[in-house]
Amino acid sequence: MLSGISTICFASSYTIALVLEIVNLKLRFPWRRLVLMAMTAAGLLAHTLFLAYRAQQTSSAPLSSPAEWLLLAAWVLGLVYLAGLLYLPRAAIGLILLPLILGLIGASLAASHQPFAPARASRFWGDLHGSVLLMGAVTVCIGFAAGIMYLVQAHWLKHRWPPSDWLRLPSLEWLERVNTYSLAVSAFLIGLGFASGVILSQIIHRGQADYFLWTDPVVLSLAALLLYLVAAEIFRLVYPAARRGRKVAYLTLASFGFLVLALAAMLLADRIHGQLEQGATGCREIYQGNTATASLSPR
């Protein structure tokens with residue numbers, strides 16, 4: 001099934017979306033936004049399946065050739081464009097992003113499909129994984145701080161407490177916007193960090209029969225955090241009351257709680273992994289020492 005997907009499948013969807021954006025400059029037609037979202041989502045789905053198939057078929061590090069990196073960059077811009085359709089429905093950002101996406105796809109056809117050296121690919125994915133996870137964690141923390149300040153400010157206004165000279169907080173409108181944007185941005189960054197982490201794990205543990213990706217506690221903790229962020233963002237978009245006021249603040253507080261749990265799972269997993277490695281090293285040293293003693297002892 002996946003082998004039948006080619007670049008034509010998702011490039012055609014992006015091209016149709018670009019044509020609709022251009023036509024919309026002169027002719028305003030109903031259901032424009034829904035049609036654009038449907039075409040973009042279809043293109044992203046085919047794009048995702050194509051990248052997944054390429055990652056499975058390669059015998060070296062997955063998604064580590066110049067052509068695949070160009071396709072991956074186009075995929076990220078496709079996600080940005082879909083997010084723009086959701087959050088900026090009146091902005092014609094597709095006139096800028098869609099030509100870039102199609103240009104990257106066209107460049108990938110001429111680029112080399114020869115994978116980079118495993119060490120170079122591992123370094124790239126490791127740097128990307130660490131960077132986006134760091135930015136995602138910082139964004140969650142910013143949303144948590146904004147949520148706390150929103151609840152405090154709302155409590156003061158509800159009880160009509162006079163503003164304090166020594167503790168001034170931003171307006172509720174500004175804090176509400178920060179909460180809203182932090183949910184969307186953190187979901188995108190954590191999702192990108194999770195995807196790059198899965199690829200990095202495949203590079204590092206390639207050929208290890210005893211390693212299973214979905215039993216790794218670090219992978220599972222990140223997956224739980226990502227699922228919550230995506231579910232919270234979908235809930236916020238579908239349920240209008242969750243877009244304003246205390247509810248969006250509570251969502252950011254809960255996302256911070258999931259972040260703490262994910263970080264705790266990572267630290268615990270690293271500690272256990274380190275202890276196991278030390279134990280295995282000690283056992284090997286004891287075994288080697290006993291072997292050497294046995295070989296030197298008179299018979």
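Which one of these does L100 not meet: (1) aliphatic (A, V, I, L, M); (2) on the phi < 0 side of the Ramachandran plot; (3) at pLDDT below 90? Of everything listed in (1) aliphatic (A, V, I, L, M); (2) on the phi < 0 side of the Ramachandran plot; (3) at pLDDT below 90, L100 misses just condition (3). Before we move on, is T7 buried (at least 17 other Cβ atoms within 10 Å of the Cβ), hydroxyl-bearing (S, T, Y), more than 25 Å from A187 (Cα to Cα) and not assigned by TED's automatic domain parsing to the domain that holds L192? So T7 passes the test.
Note on the range 20-46: residues that are more than 24 Å from the chain's Cα centre (by Cα) and either assigned to a loop (DSSP other than H, G, I, E, B) or more than 17 Å from P89 (Cα to Cα) (or both) total 8. The sole residue among L49, L71 that is part of a helix (DSSP H, G or I) and buried (at least 19 other Cβ atoms within 10 Å of the Cβ) is L71.
Name the single residue, out of those in the range 153-195 being modelled with pLDDT of 85 or more and either of a type in the set (S, T, Y) or not in a helix (DSSP H, G or I) (or both), that is nearest to R236 (Cα to Cα). Among them, the one singled out is T180.
Any residue that is of a type outside the set (D, E), closer than 16 Å to A254 by Cα and free of Cβ contacts under 8 Å to residues at least 40 places away in the same chain - is there at least one of those in the range 188-207? Give the steps one after another, and end with the answer.
The first filter runs over the range 188-207 and keeps only residues of a type outside the set (D, E), leaving 188-207.
Filter once more, keeping what is closer than 16 Å to A254 by Cα: 190.
In the following step, the residues that additionally are free of Cβ contacts under 8 Å to residues at least 40 places away in the same chain were identified as none.
Checking the range 188-207: not a single residue is of a type outside the set (D, E), closer than 16 Å to A254 by Cα and free of Cβ contacts under 8 Å to residues at least 40 places away in the same chain.
Restricting attention to the range 239-252 and to residues that are part of a helix (DSSP H, G or I) and modelled with pLDDT of 75 or more, the residue that is nearest to H155 (Cα to Cα) turns out to be R246. Inspect the range 22-32 for any residue being farther than 18 Å from A83 by Cβ and surrounded by 15 or more Cβ atoms within 10 Å (Cβ to Cβ) and give the result as yes or no. Checked the range 22-32: at least one residue is farther than 18 Å from A83 by Cβ and surrounded by 15 or more Cβ atoms within 10 Å (Cβ to Cβ).
Yes or no, residue by residue, for (1) out of contact with any His (no Cβ under 9 Å at 6 or more places or on another chain); (2) exposed (fewer than 15 other Cβ atoms within 10 Å of the Cβ); (3) under 20 Å from A195 (Cα atoms):
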| residue | (1), (2), (3) |
| --- | --- |
| Y211 | no, yes, yes |
| W214 | yes, yes, yes |
| S221 | yes, no, yes |
| Y228 | yes, no, yes |
| A232 | yes, no, yes |
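Checked across the range 218-238, the condition of being modelled with pLDDT under 85, of a type in the set (S, T, N, Q) and in a helix (DSSP H, G or I) holds for at least one residue.
The values are calculated or read from the model by the stated rules, or taken from the named source; none is laboratory data. Just so it is clear, the model here is predicted, and its values are computed rather than measured. Positions of Cβ are generated from backbone atoms using ideal geometry, with glycine treated the same way; all protein chains shown enter the neighbour counts.
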